[in-house]
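Read-outs: derived from the displayed coordinates by stated rules, not from any lab. Because the structure is predicted, anything quoted here is derived from the model rather than measured. Every residue, glycine as well, gets a Cβ built from its backbone with ideal geometry; the counts of neighbours run over all protein chains shown.
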């Protein structure tokens, strides 16, 4: 759990596209009325008379030249706020909407922050935007609504954080009241909602159609060639409270033929494409578990292991880090320090929390433990060399290698002997204050403190330590002994201190407060009993009131770190033991699964999550998945396929069959979450940083308004529960990533992969070789041809293709993918040195080391440039991609109702777009603006985007024109 005080609102122009991508679709918020006259709030924003009252950080000198403010920005700073240009005493009126605009130039590809904020700690913001600079002057405009009356707001441009020195220039800074506030409307795509990844041939295959039709509607299932392979009639379901929509369901389960790119058409709409196949979830098992390696603290993340995610080690005591190797207690709580290095970063922040780490590492170990005790579970698929980890080929199952990284951290959090509360576990360790976004772990300058012990944390250590002892004993007897000793010590300490609770609130980290630890006592006792068989723990299990209170244990809202009693039941039901009433315990799991099945059956989305109060909680996707863990366990215990089918339909919800038509797992589905709240997976804020890795779960809809962040407050007011989500990096209340939400995803992904009929065959862990002999030929002033010799793949999954990318100074820009051994480069600048790289990738998602080539384009024509410029980039995945197009008016006159045109060259198809109207006829595409970006002033830039499909290769389009005139391309 993390929090930050910066607020982000969707901008209108220039750097707008990422946030405005969602501004199409179903119902949203009505625009607020403007109240004030458009009075200029900025003093001397044109810099016509020097630069007063603007000021700069001590490390820079402000200068004005021809009415433009410039500064030489030093390199080697770690964060944007290390260098600032600002103006103070700017008045704001609560409820008023303001248009903030400026022009700026700087180093190509650098991102700066533009803020309207308080001038003192805690620096609360009313606007916090990132502007992506180019070497030429660009115009930027954003709209925000103030939530408070301030007469001393500060306008700030934060321009630090670059490795090399550069020059920043800004002009025409303006802030006008009376602006029309931005309106957020989610782009929900086609009204036919499906699992956008795939269905198992022998599993349920259902879809949901959003329609007000009272009678059944016809539906057709088509294969990739468009041939209709099944037909039927829908079943009306009526109004649904969780979505506020009326819906029908479609059952096409009778079609079992495997294939790719099926589509379902009903009521005049066609779904996103999906597959039918036994291997639909094999890759998700690997990706969801491999998520944890880049979350590691205290170790360098190797790009060779996690391509695109390599970074320096975080919190190892190398400046500016203060490190986790010698962390003191929070002031006034104790007088010792501990080495608490290692572990996983909890979420989008840099904190590490025992209670959240406890359930997370437990569920990873349980995914492995299930494979050892359930007939037919894929033990080999979770064995050695199955994940993207540096510890492969060491004779230990990879999932245990990864779990060990967290388990050893939990052991370090135990209070040493001889100290007060010895044997208990410190609740958490995190920064003194909240930090902003983005911030790499190695660049975090904050002091870090151990927070006081808690009974809940201590019992998490007892439970996971006991589980660790029995699972690691065959692989590392010393670690197993350490785990059991720590677990029994923790149990005794918790029994002696049963009511030591973590405080509510706090600064610099999430509280994870919990004043009912009866569930943790039950869970810890169960794990210790399963490992030792000791009478003390048997008595604690059978003596717990929760041991027989089924209704209290299995709640309609599922379970998470704050309610762990179901973990005890699930473990007692599945891990062999001689508990006298074990049959009753096993029966209770099936009864609970029946309840979740009933909820799913009553939902037009197949959703097993139905909280009693109807409120979707923070992290609802994690709760959904944990209800599915109960159903999956019931299937393991009984073999009743109703429970298996309930799990599979739950996956449909997570992967797109929901009100928003949103796959909540990065890299999976046509419309997948990709901007989860994170300080280092922050591509939305800094294009030099990556999006979260494939297999990352978003927290999901949160209709608990008391927990909302400013983005949710601004954009989601009045939402039906399923609509209370936005794929925005600043919406931590709906779109954070956490280790405890990915844990049930990994558990369930492993379960459903086992249902595909592959017998638990181990996935391909071996990356292909690098492409050979990469060369550039036919180099001109604007293009070149890349060619290479084929890569080889020895892992068994087969070579899938190649990814071509532009290597910049501090980032890699993916250009496209191809299945061939060549790639055409277009849109290059004359007389410029470029470095390009090509990676091979296989069907298991493994990526080779890159091959690189460097060359310089020809000088070209030095005459006048085109009247427009287009920058085109893509983010690709097998068979699909997101395209981004930045259009700049280089002419002398403003454009109105402009039209952009271009041509695809390899059969690519646009499925849906945003920030514009998109039309495609064969290979030809035309793009028309919406009302907010219809005007394009001289020098102004707008950004639009789309999702599309490709087969074979995905080269850049050609023939970009704006109102019929050819454009320069990049």
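Summary of values
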quantity: For the chain: relative contact order, % (alpha-carbon pairs under 8 angstrom, 6 or more apart); calculated: 11 percent
quantity: Label-point separation, residue 325 to residue 339 (7 Å along Cα→Cβ), nm; calculated: 0.8 nm
quantity: Principal semi-axes in Å for the chain [√(5λ), Cα gyration tensor, largest first]; calculated: 45, 34, 28
quantity: Sorted by Cβ neighbour density within 10 Å, fewest at the top, the residues 60, 729; calculated: 60, 729
quantity: Ranked packing of 854-860, 237-243, 466-472, most packed first, by mean Cβ within 10 Å; calculated: 466-472, 237-243, 854-860
quantity: Residues 42, 726 arranged by fewest to most Cβ contacts within 10 Å; calculated: 42, 726
quantity: Full-stretch length increase - residue 792, residue 499 - with 0.36 nm per residue and alpha-carbon distance subtracted; calculated: 99.5 nm
quantity: Model label zone, residue 766; criterion: amide N under 13 Å from point 7 Å along Cα-to-beta-carbon; scope the range 828-854; calculated: none
quantity: Nitroxide proxy distance, nm - points 7 Å out along Cα→Cβ at residue 906 and residue 417; calculated: 6.4 nm
quantity: Under the Debye formula (equal points on every Cα, no solvent term), log10 I(q)/I(0) of the range 772-969 at q = 0.14 Å⁻¹; calculated: -0.85
quantity: Calculated FRET value between residue 580 and residue 551, using beta carbons and R₀ = 30 Å, to 0.05; calculated: 0.85
quantity: FRET efficiency, residue 638 to residue 212 (Cβ-Cβ, R0 51 Å, nearest 0.05); calculated: 0.80
quantity: Helix 739-754 vs. the chain, principal-axis angle (Cα, 0 to 90°, nearest 10); calculated: 70 degrees
quantity: Set of the range 695-720 residues, backbone N closer than 15 Å to the point 7 Å along the Cα-Cβ line of residue 613; calculated: 702-708
quantity: Sequence ranges 659-668, 867-876, ranked by mean other-Cβ count within 10 angstrom, highest first; calculated: 659-668, 867-876
quantity: Area projected by the alpha carbon convex hull of the range 282-754, averaged over all directions, nm²; calculated: 20.2 nm²
quantity: Residue-averaged [θ]222 nm for the chain, counting only DSSP H segments that reach four residues, each worth -39500 (n - 2.57); calculated: -6500 deg cm²/dmol
quantity: Label-zone membership for the range 132-158, site residue 808, 7 angstrom Cα→C-beta point, backbone N under 14 Å; calculated: 132-136
quantity: The range 113-171: radius of gyration over Cα atoms, expressed as a fraction of 2.2 N^0.38 Å; calculated: 1.29
quantity: Segment residue 227-residue 778, length gained on full extension (0.36 nm per residue, minus Cα span); calculated: 194.2 nm
quantity: Normalised alpha carbon radius of gyration of the range 548-673 [divisor 2.2 N^0.38 Å]; calculated: 1.07
quantity: Packing-based exposure ordering (other Cβ within 10 Å, fewest first) of 689, 284; calculated: 689, 284
quantity: Förster radius 51 Å - calculated FRET efficiency between residue 202 and residue 831 (Cβ-Cβ, nearest 0.05); calculated: 0.25
quantity: Spin-label model distance (nm) - residue 269 vs residue 151, 7 Å beyond Cα toward Cβ; calculated: 5.2 nm
quantity: Compactness of the range 192-276 - radius of gyration and Dmax, Cα, Å; calculated: 12.4, 37
